[in-house]
Structures are given as structure tokens and as C-alpha cells.
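Structure first, then comments.
Read-outs: derived from the displayed coordinates by stated rules, not from any lab. All of these numbers come straight from a predicted model, not from anything done at the bench. Backbone-built Cβ (ideal geometry, glycine too); neighbour counts: all protein chains shown.
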Amino acid sequence: MRARPDTLQTFTWELRRSFRDLGEAADTELQPLGLTVGDRALLEFLSREDRPVSMAALARTYGVSRQHIHQSLRRPPLDASVDEYTDPDDGRSVLISLNAKGRGVWKRIQSVDAAFFDSLAHAFTQEEIQQAHQVLRKLRATLFARKELPCVRD
């Protein structure tokens, strides 16, 4: 049976509120480390890179300006968590990589994350999480497919 548009809209609003609430909860959990959820996102991205990445690439990934990335990386404790290099291919560009201290901060974040999700896990069954995951993946795939085709409106 096809989903009703009003039901999908209600689900979407609940998803948005959940995303906001998760962000607030993450900020609270990260506060003892002096980090925000935005700082966490930058560190996670950098932790996945095996070589230095440009500020422009970071900005594109997060949909923000290079200036925003630059300002974020200048604030403690992020300022001590990264190393900067001049791009050998473009002397005007700066490359960023997570240094040893930053990798230590990332490990502490992962510990905070593990404790946080462990505290929430009791409220759900494995089947509920798997089903929700499937619905969200399908929603994202449907949204992606809409980007590929022109939107037809009545």
C-alpha cells in the first residue's frame, strides 16, 4: 500500500525534530571535551582521511565556506588537533590533517559516542533499528533519484 503524503510529512517532521534533538544531546555529551557536534563532524571527517585534505574539500563536504572551516580549526581544542601544510600543487591552498593529539581526541569522542548510544540502546529492539534504517535509506534513495530527473509539477 502506498504511503499517504500526510503520514510521510508527519514522519519527516519527526525526523527533523529527532535530528535537532540528537544534535543537542551530542553537544551536551561533548561539552566536557570542549567540543561541539560541528567540531566532532570535522574531526570525524579528518579521521577518515589517510592524507591531508584541502580546506576547500572540507567546505564542500559540509556545505559551508572555507572561512567557516578556517575559523573552526582556529578554536581550541581543534587548533591543537590538526596540522596544516602548504599544498605542493597549489602554494595558495592549505592542506589539513589530523595530528597525534587530534587522533587522541577522536578516540575520546568515540568513547563518548559508545557510552551515549549504549545508554539509548535499551529503548529499542534490533529489528526496530534495522527497519528504521531501511526506511531512511529508502527515503534518501528516493530523494537522490529526484535530483536525477526534472521535477514534474501539476
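Assuming 0.36 nm per residue, please report the length gained on full extension of the stretch T12 to L120 beyond their Cα-Cα distance.
Result for the pair: 36.7 nm of gain on full extension.
Which of the aspartates and glutamates could a cross-linker bridge to K101, judged by Cα under 19 Å and excluding same-chain residues fewer than eight apart?
Within reach: D39, E44, E49, D50, D79, D83, E84, D113.
Distance between the C-alpha centers of region 38-70 and region 77-154? Whole Å please.
With region 38-70 and region 77-154 each reduced to a Cα centre, they are spaced 11 Å.
Mind listing the phi-derived Karplus ³J(HN,Hα) values for region 127-139, rounded to whole Hz, using 6.51, -1.76 and 1.60 with θ = phi - 60°, and x for any glycine or proline?
Each residue's phi maps through the Karplus curve to give 5, 4, 5, 5, 5, 4, 4, 4, 5, 5, 5, 5, 4 Hz.
In debye, nearest 20: dipole of the chain around its Cα centre with unit charges on the Cβ of K, R (+) and D, E (-)?
So the dipole magnitude of the chain works out to roughly 440 debye.
Evaluate 2.2 N^0.38 Å with N set to the residue count of the chain, then give the Cα radius of gyration divided by it. Mind showing how you got there, number by number?
Numbers: Rg = 19.3 Å, N = 154, 2.2 N^0.38 = 14.9 Å.
Scaled against compact globular proteins, the figure is 1.29.
What 222 nm value per residue comes from the helices of the chain, counting each DSSP H run with n ≥ 4 as -39,500 (n - 2.57) and dividing by all residues, nearest 500 deg cm²/dmol? Could the numbers behind the result be given before it?
On the way: 6 runs with 100 residues, N = 154.
For the chain, the value works out to -21500 deg cm²/dmol.
Which of Q31, H68, V94 sits farthest toward the positive end of the charge dipole of region 18-119, with +1 on the Cβ of Lys and Arg and -1 on the Cβ of Asp and Glu?
Most positive-ward Cα: V94.
Please say if region 66-149 is rounded, prolate or oblate, where rounded means a/c under 1.5 for a ≥ b ≥ c the square roots of the C-alpha gyration tensor eigenvalues, and otherwise the choice is prolate for a/b larger than b/c and oblate otherwise?
Oblate shape, in that a/c is at least 1.5 and b/c is the bigger or equal ratio.
Counting other Cβ atoms within 10 Å of each Cβ, which chymotrypsin sites (Phe, Trp or Tyr not before Pro) in region 53-154 have at most 16 and sit in a DSSP loop?
Answer in residue order: F124.
Near K138, which lysines are there with a Cα under 25 Å away, not counting those fewer than 8 places off in the same chain?
Reachable lysines: K147.
Which is the longest stretch in the chain that no exposed loop site breaks, taking sites as trypsin sites (Lys or Arg not before Pro) with a DSSP loop state and at most 16 other Cβ atoms within 10 Å?
Looking at the chain, 3-152 is the longest stretch - no exposed trypsin sites (Lys or Arg not before Pro) with at most 16 other Cβ atoms within 10 Å.
Return the Rg/Rh ratio of region 73-113 with Cα-based radii and a Kirkwood Rh.
Dividing the radius of gyration by the Kirkwood radius yields 1.11.
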